[in-house]
Amino acid sequence: MLIVLLVALFGPCFTVQNPYNLSAISLSDAYKPPFWVEGGELPFVLGTDQQGRDILSAIVYGSRVSLVIGFLGVIFAGGIGVALGLIAGYFGGKTDALIMRLADVQLSFPTMLIALLLMSFFEQGVSNILIALAVVGWVRYARTVRGEVLVVKKKEYVEATKVIGLPNRQTLVKHVLPNVLTSIIVLSTIQIGNFILTEATLSFLGLGVPITRPSLGMLCSNGFKVLYSGLWWVSIFPGLYIMLIVFGINLLGDFLRDEFNPRLK
Amino acid sequence: MFKYLVTRIGQLVAVLFIVSMLVFFMTSVVGDPLQLLVRQNASNEERQAAMEYLGLDKPLYVQYGKFIVSTLSGDFGKSYMYHTSALRLIAERFPATMEIVIVAMLLSGFIAIPLGVYAGAYPKRMLSKTVMTLSVTGISLPSFWVGMVLIFVFGLHFSVLPVSGRGQVGSLLGIQTSFATLDGWKHLLLPSITLALSNMATILRLTRAGMRETMKQDFIKFARAKGVRNRKVLFGHALKNTLIPVVTVFGLQLGTLIAFTTITETIFAWPGMGKLLIDAINAGDRPIISAYIIFVAFMFVFLNFIVDLLYTLIDPRIDLS
């Protein structure tokens, strides 16, 4: 996991070329296989694509786009979801019913489908992807947080803040929120992985990021076009890297969940 | 039971109403269907005529009224691309999609549940740990990538399986389906595996989690003490008591599978609903998109209803009303 982050942060210093800089790419380098296959050459460790772009460099740059979208998506979806969950759980009554019925309706549809349909109405672009991810992602946060708030608000220290007359907002942010933070962190870890996968899938279908800033999913989609000509490395390696990232995140998520779950101790 | 049915149908109507509003306003606000119909350098009169042909010149609420009326009578309008009824197009593609979904569901049911039972009953064994690691890999894999790898390995490298299209269809019980021919089955295999993989991982993990809790309970010890055969304890007693969450997720996963067919069908050029949707999105063909969304919404409410009914079958103590 740490390695993935380091690669995304500092990787660009070590790659042989900047895949966005057209002058650095030479068409004569196109269709080179990875260096261990016959015909491959060394600067291009994982081969090159149909425009002579180095696959390894493209992966490093692509992973930055994917990770940024994953993190920002979690921040947006988490922000909305946590706020709504706090409100629903703390105030209860009609507000609670309204928010939770909305969540129920949305939960009965798979997130992938909603994201797909949302993106079919939006234009391509990073900000639109983030909107779509926030729309599909808030529900799980809202439900988790609401459930926890229902327990926390019965505790004495929360009742005490009411007695001393603290405004609701202050009670929520200062006293309720810190007590539900663990589950938010655990959920966020898993969600980053989910969002990266969702984004990759959308980009693969051509409904994601614009082609000028390819994410890992976009690279796969690009490589799929030449898969039938036998250029397997163009699409297989970016996909493999997505798997590595998400695998790492899922393992971390599993670990955190077991670590913070009092029932398993 | 009757009261329960009425509430469920009420919910169905409410959900469909909300979905229809969303669909209508989103399709009306975003995208320009005129692009499809008129030439690039069309005159204003030609554009006007096309607007009138599509009914786009009227105010939004009139359009919505017309949309609702025609939707209720099962008419989603004519597709801009194919000039036939959008609903019929979806109905034509539906069997192809269901074929890969059914095979994928069967694959995941018959492979994932037994493995989950095993891994849950004997969590310390080597095989269980391997299975669990594989399942984390399974949920981390992008499904389009699995499809590509399968195409490359089986289609291009070994050239043993076809990788594109639906192959021959034969007639079975009056429906044109790939199940009837060997060629059809060959075409079915790779898309179904692609679809089944992440689904299998989810169901496996869920079954295992449930089994681990159930195996600690007293009635399992009692059954063992009674001398019930091992297989009967695992599948008869333990699995039966973990089945509720599994069935719920199985129902939900069926929905997810239908969503993911868009990707699988794109990769394998499978002529199903998902491919139709993607083509429609790329071409801005609104009637197909709205018909698809409403069709899927309807299907989901229906699926959730079936899952609820299954609960009562699995556990007679559950009373729906």
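The values are calculated or read from the model by the stated rules, or taken from the named source; none is laboratory data. Computed from a prediction, not measured in an experiment: that's the story for all the values here. Glycine gets a Cβ as well: all are built from the backbone with ideal geometry, and neighbour counts include every protein chain shown. SASA here: full protein model, heavy atoms, side chains in, ligands and nucleic acids out. Shrake-Rupley method; radii C 1.70, N 1.55, O 1.52, S 1.80 Å.
Only residues that are within 14 Å of chain B (Cβ to nearest Cβ), touching a residue at least 60 places away in the same chain (Cβ under 8 Å) and buried (at least 24 other Cβ atoms within 10 Å of the Cβ): list them for the range A:208-222, please.
Of everything in the range A:208-222, those that are within 14 Å of chain B (Cβ to nearest Cβ), touching a residue at least 60 places away in the same chain (Cβ under 8 Å) and buried (at least 24 other Cβ atoms within 10 Å of the Cβ) turn out to be A:208, A:215, A:216, A:217, A:218, A:219.
Here residue B:277 meets the list (1) part of a loop (DSSP other than H, G, I, E, B); (2) free of Cβ contacts under 8 Å to residues at least 40 places away in the same chain; (3) not polar (S, T, N, Q) almost entirely, failing just condition (1). Entry remark, the range B:259-268: residues being open to solvent by 10 Å² or more (accessible area, probe 1.4 Å) and either away from chain A (no Cβ under 11 Å) or at pLDDT below 80 (or both) number 1 in total. When the range A:76-103 is limited to residues that are open to solvent by 60 Å² or more (accessible area, probe 1.4 Å) and under 29 Å from residue B:199 (Cα atoms), the one that is nearest to the chain's Cα centre (by Cα) turns out to be A:76. Checking each residue in the range A:124-152 for being open to solvent by less than 30 Å² (accessible area, probe 1.4 Å) and hydrophobic (A, V, I, L, M, F, W, C) picks out A:129, A:130, A:132, A:133, A:134, A:136, A:138, A:139, A:142, A:145, A:149, A:152. Give me the residue from the range B:224-253 that is surrounded by 21 or more Cβ atoms within 10 Å (Cβ to Cβ) and within 30 Å of residue B:100 (Cβ to Cβ) and, out of that set, nearest to the chain's Cα centre (by Cα). The extreme case among them is B:253.
I'd like the full set of residues that are open to solvent by less than 100 Å² (accessible area, probe 1.4 Å) and in a helix (DSSP H, G or I), limited to the range B:214-223. Answer for the range B:214-223, where residues must be open to solvent by less than 100 Å² (accessible area, probe 1.4 Å) and in a helix (DSSP H, G or I): B:214, B:219, B:220, B:223. Only residues that are farther than 20 Å from residue A:206 by Cα, within 8 Å of chain B (Cβ to nearest Cβ) and modelled with pLDDT under 80: list them for the range A:233-264, please. Once the filter is applied, which keeps residues that are farther than 20 Å from residue A:206 by Cα, within 8 Å of chain B (Cβ to nearest Cβ) and modelled with pLDDT under 80, the range A:233-264 yields only A:254. When the range B:99-118 is examined, which residues are found to be open to solvent by 10 Å² or more (accessible area, probe 1.4 Å), touching a residue at least 60 places away in the same chain (Cβ under 8 Å) and within 11 Å of the chain's Cα centre (by Cα)? Answer for the range B:99-118, where residues must be open to solvent by 10 Å² or more (accessible area, probe 1.4 Å), touching a residue at least 60 places away in the same chain (Cβ under 8 Å) and within 11 Å of the chain's Cα centre (by Cα): just B:105.
Residue by residue, here is whether (1) exposed (fewer than 11 other Cβ atoms within 10 Å of the Cβ); (2) at pLDDT below 75 holds:
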position: B:1; (1), (2): yes, yes
position: B:9; (1), (2): no, no
position: B:18; (1), (2): no, no
position: B:33; (1), (2): no, yes
position: B:40; (1), (2): yes, yes
position: B:47; (1), (2): no, yes
position: B:51; (1), (2): no, yes
position: B:63; (1), (2): no, yes
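Residues that are assigned to a helix (DSSP H, G or I) and closer than 18 Å to residue B:71 by Cα were ranked within the range B:280-292; the one that is most open to solvent (accessible area, probe 1.4 Å) is B:286.
Quick check on this structure: which one of A:104, A:96 is within 14 Å of chain B (Cβ to nearest Cβ) and either farther than 26 Å from residue B:257 by Cα or of a type in the set (Asp, Glu) (or both)? I'd like the intermediate steps shown before the answer.
Details: A:96 fails: within 14 Å of chain B (Cβ to nearest Cβ).
Going through A:104, A:96 in turn, just one is within 14 Å of chain B (Cβ to nearest Cβ) and either farther than 26 Å from residue B:257 by Cα or of a type in the set (Asp, Glu) (or both): A:104.
Yes/no per residue for (1) at pLDDT 80 or above; (2) aromatic (Phe, Trp, Tyr); (3) open to solvent by less than 10 Å² (accessible area, probe 1.4 Å):
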residue	(1), (2), (3)
A:154	no, no, no
A:158	no, no, yes
A:169	no, no, no
A:184	yes, no, no
A:200	yes, no, yes
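Checked against the criterion of being under 19 Å from residue A:64 (Cα atoms) and not polar (S, T, N, Q), the range A:172-186 contains not a single residue that satisfies it.
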